[in-house]
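S.K.: Structure in structure tokens, see below.
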Amino acid sequence: MRRLGSTRGTGPTKRTSRAVAAAVGIGVLLAVTAAAPAQARGREPRTPHWRLTDTGAPGVRFRGLSAVGRDTAWVAGSGGTVLRTTDGGAHWRNVSPPGAADLQFRDVEAFGARRAVVLAIGEGEASRVYRTDDGGATWTESFRNTDARAFYDCLAFFDHRHGLAMSDPVDGRFRLLSTSDGGRSWTVLPDTGVPAAQPGEAGFAASGQCLVASGPRDVWLATGGAAHARVLHSADRGLTWTAADTPVPAGDPAKGVFALAFRDRVHGLAVGGDYRADQASPRAAATTGDGGRSWQPAATPPPAYRSGVAWLPHRRTAALAVGPTGTDLTTDGGRTWRTVDTGSYDTVDCAPDGGCWAAGETGRVARLGG
């Protein structure tokens, strides 16, 4: 989104503290990621918390994150930086594409320790896609935007081969790129099935979660900046879309839905608000139980703007939301949220094996641990 993109990686705040508080009250719920193995060994699981790792990149803001598992994760951020860990964050390897120092990476989708696709945002040729098959030892630029009107925000993959990238509206409609070969090549989809954009409507390149997929064909797109914050849904990999208003406040370039998470093709969460640090963000979360056809406001939303959200693995009603002022937990499917950590993070992601990660400003990357 051009309004958020104009900050070019600085984001809404400049907090520099690297301390993170224990996730008070998460207890057994978040211990699901460690409970089964611990109980199998006859020990009580410890209460997990965000455990900061040393990325060695204090000047980088990581808004792109892909959790492959408890040991492996990728992050992407400002200054064309891409890092990868394969030992749970004990060590991070700088695997940035060469010649990318002027780019702002805002999304990364990884398919293991060796395969990943990263998206650089910006107007015109600043929007690019890179792909690696060897853990970042080499990269191939598979897409460079040549339309000055386009500004790409997010990536999403349905499986290892099929994926989409979305741009802010061009000629009054959101633009979608499609790949069917794992990001090796990209094609602009026809926009005839995309609803007309509202004046000022766009996506937020804040956490890599303005475009998310669940299952083989369903994908959702989050918007803001216009009169209504909307979520668009496609059930055919981006060919046709429907749009639904959400109760998340909009009406300003800094307001709207910043991130989505779907645990299946029916149950979803939306978080956002106003990314300006001096502005309140009431009603900054919503839920859907019908695949995004309708959205209900959270009865007790997060207390401030949140830019990232993720369902906890193997829990039907538990999820985390993150933002510059903290992490919030829901245990009832998004109806109520409570703050459990005050550290600054921009994005959060969880892997099927229970590995959850968060990333943000000043090189902060943390893993949920006991």
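S.K.: Here are some residues: VAL365, VAL257, VAL340, VAL266. Which one is modelled with pLDDT under 95 and among the hydrophobic types (A, V, I, L, M, F, W, C)?
M.R.: One residue alone meets the criteria, VAL340.
S.K.: In region 238-271, what count of residues is obtained for those that are at positive phi and in a strand (DSSP E or B)?
M.R.: Going through region 238-271 one residue at a time, the tally reaches 1.
S.K.: Of the numbered conditions (1) touching an Asp or Glu at 6+ places or on another chain (Cβ under 8 Å); (2) free of Cβ contacts under 8 Å to residues at least 60 places away in the same chain; (3) surrounded by 21 or more Cβ atoms within 10 Å (Cβ to Cβ), GLY308 fails exactly one; give the number of that condition.
M.R.: (2)
Let's see how each residue does on (1) in contact with a Lys or Arg (Cβ under 6 Å, 6 or more places away or on another chain); (2) crowded, with 21+ Cβ neighbours inside 10 Å; (3) within 12 Å of VAL129 (Cβ to Cβ); (4) modelled with pLDDT of 95 or more:
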{"position": "CYS154", "(1), (2), (3), (4)": "no, yes, yes, yes"}
{"position": "PHE158", "(1), (2), (3), (4)": "no, no, no, yes"}
{"position": "ASP171", "(1), (2), (3), (4)": "no, no, no, yes"}
{"position": "ARG175", "(1), (2), (3), (4)": "no, yes, no, yes"}
{"position": "PRO190", "(1), (2), (3), (4)": "no, no, no, yes"}
{"position": "GLY193", "(1), (2), (3), (4)": "no, no, no, yes"}
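S.K.: What do you reckon, is SER167 in contact with a strand residue (DSSP E or B) (Cβ under 6 Å, 6 or more places away or on another chain), over 15 Å from ALA270 (Cα atoms) and of a type outside the set (Val, Ile, Thr)?
M.R.: Answer is yes for this residue.
S.K.: Still on this structure, I have one more. Take GLY333 and tell me if it is under 27 Å from HIS91 (Cβ atoms) and not β-branched (Val, Ile, Thr).
M.R.: For GLY333, the condition - under 27 Å from HIS91 (Cβ atoms) and not β-branched (Val, Ile, Thr) - is not met.
S.K.: Search region 129-154 for residues that are within 20 Å of LEU176 (Cβ to Cβ) and without any contact (Cβ under 8 Å) to a residue 24 or more places away in the chain and pair each with any residue that is aromatic (Phe, Trp, Tyr) and crowded, with 23+ Cβ neighbours inside 10 Å when their beta-carbon atoms are under 8 Å apart and the residues are at least 6 apart or on different chains.
M.R.: ASN145/TYR152
S.K.: Name the one entry in SER167, SER185, SER142 that is in a strand (DSSP E or B) and over 22 Å from ALA261 (Cα atoms).
M.R.: Result of the check over SER167, SER185, SER142: SER142.
S.K.: Quick check on region 214-224. Is at least one of its residues more than 30 Å from TRP139 (Cα to Cα), in contact (Cβ under 8 Å) with a residue 24 or more places away in the chain and buried (at least 19 other Cβ atoms within 10 Å of the Cβ)?
M.R.: Scanning region 214-224 turns up at least one residue that is more than 30 Å from TRP139 (Cα to Cα), in contact (Cβ under 8 Å) with a residue 24 or more places away in the chain and buried (at least 19 other Cβ atoms within 10 Å of the Cβ).
S.K.: Just a yes or no: is a residue in region 293-300 touching a residue at least 12 places away in the same chain (Cβ under 8 Å) and at positive phi?
M.R.: So far as region 293-300 goes, no, none of its residues is touching a residue at least 12 places away in the same chain (Cβ under 8 Å) and at positive phi.
S.K.: Being crowded, with 24+ Cβ neighbours inside 10 Å, within 17 Å of the chain's Cα centre (by Cα) and in contact (Cβ under 8 Å) with a residue 40 or more places away in the chain: is that true of ALA284 here?
M.R.: Judged against the criteria, ALA284 is not a match.
S.K.: Further, regarding this structure: Conditions: (1) over 19 Å from the mean Cα position of the chain (by Cα); (2) surrounded by fewer than 19 Cβ atoms within 10 Å (Cβ to Cβ). PRO97 meets all but one. Number of the miss?
M.R.: The failed condition is (2).
S.K.: Can you pull out every residue in region 311-339 that is surrounded by 21 or more Cβ atoms within 10 Å (Cβ to Cβ) and in a strand (DSSP E or B)?
M.R.: Listed by number, the residues that qualify are TRP311, ALA319, LEU320, ALA321, VAL322, GLY323, THR327, ASP328, LEU329, THR330.
The values are calculated or read from the model by the stated rules, or taken from the named source; none is laboratory data. Bear in mind that the values here come from a model prediction, so they are computed numbers and not experimental data. Positions of Cβ are backbone-derived with ideal geometry, glycine not excepted, and every protein chain shown enters the neighbour counts.
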